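The values are calculated or read from the model by the stated rules, or taken from the named source; none is laboratory data. Everything numeric in this text was worked out from a predicted model, so none of it was measured. We place every Cβ from the backbone using ideal geometry, glycine too, and count neighbours over all the protein chains shown.
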């Protein structure tokens, strides 16, 4: 029987291939290897009911749906010729070609997660906790704007004297000319197909935090909320380019980024240890 998250695909396969169980299994395997996990997450996860978001009741078994989804997602990298894996490799190849065309004015950092990584938790989803996938590939990633923010925060902490040269002006007013910094940060993707894991936030005092009780009592029932994370030891590739062709600027930006990833972290919940990298 196919995983629950592919219930809609299963119905389509049955209509196309008839009732033979072997044909259905083969068809479902093909659709699983080719489907976009990000689309499954926002439209076809089993927690969705009938109709379209956001007017859909949340399933009581969000943990089961997330566990099944995470397991299926993680196994995609093992499927020979899987479309999502080929697309991920193609993205890395395009970024490498971009650096090669600049003839040494780009730099690459590969950093490994020391802890779980969470992203997009504030996004709308019937499980109550969102997650961000690249729209084209269906893989967790860090947008270039977020990567730049990490490097800039590190530059601020280290009092980098060339902040504006690298990143552009931090504040723009009516009397300030806007201009782009020299360094360009590309989106960061996992080097290999990543593994997803389910984590939990366990609120022990829902009545107190919800304003229904004047003090947090130990008699309240905990309300666990499950959410997706990228497993630790996943390696991401961070690539930086220099508009002017200055290799030393790209190299300096990578060093600032290295510091930011290790000391500040990336993604959500960094204050409690998520998203810490080493590299």
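How many residues, within segment 200-215, are closer than 26 Å to residue 66 by Cα and in contact with a helix residue (DSSP H, G or I) (Cβ under 9 Å, 6 or more places away or on another chain)?
2
When segment 111-136 is examined, which residues are found to be within 18 Å of residue 237 (Cβ to Cβ), touching a strand residue (DSSP E or B) at 6+ places or on another chain (Cβ under 8 Å) and in a loop (DSSP other than H, G, I, E, B)?
Within segment 111-136, 114, 119, 134 qualify.
Enumerate the helices (runs of 4 or more DSSP H) found wholly within segment 1-110, keeping only those where 3 or more residues are more than 18 Å from the chain's Cα centre (by Cα) and at pLDDT below 50.
Qualifying helices (runs of 4 or more DSSP H): 7-17, 21-34.
Count, please, the residues in segment 134-156 that happen to be surrounded by fewer than 21 Cβ atoms within 10 Å (Cβ to Cβ) and farther than 26 Å from residue 229 by Cβ.
Residues meeting the conditions: 1.
Just wondering, is there one or more residues in segment 139-155 that are over 22 Å from residue 242 (Cα atoms), part of a loop (DSSP other than H, G, I, E, B) and in contact with a helix residue (DSSP H, G or I) (Cβ under 8 Å, 6 or more places away or on another chain)?
Yes, because at least one residue in segment 139-155 is over 22 Å from residue 242 (Cα atoms), part of a loop (DSSP other than H, G, I, E, B) and in contact with a helix residue (DSSP H, G or I) (Cβ under 8 Å, 6 or more places away or on another chain).
Is it true that some residue in segment 152-167 is within 14 Å of the chain's Cα centre (by Cα) and modelled with pLDDT of 90 or more?
No, every residue in segment 152-167 fails to be within 14 Å of the chain's Cα centre (by Cα) and modelled with pLDDT of 90 or more.
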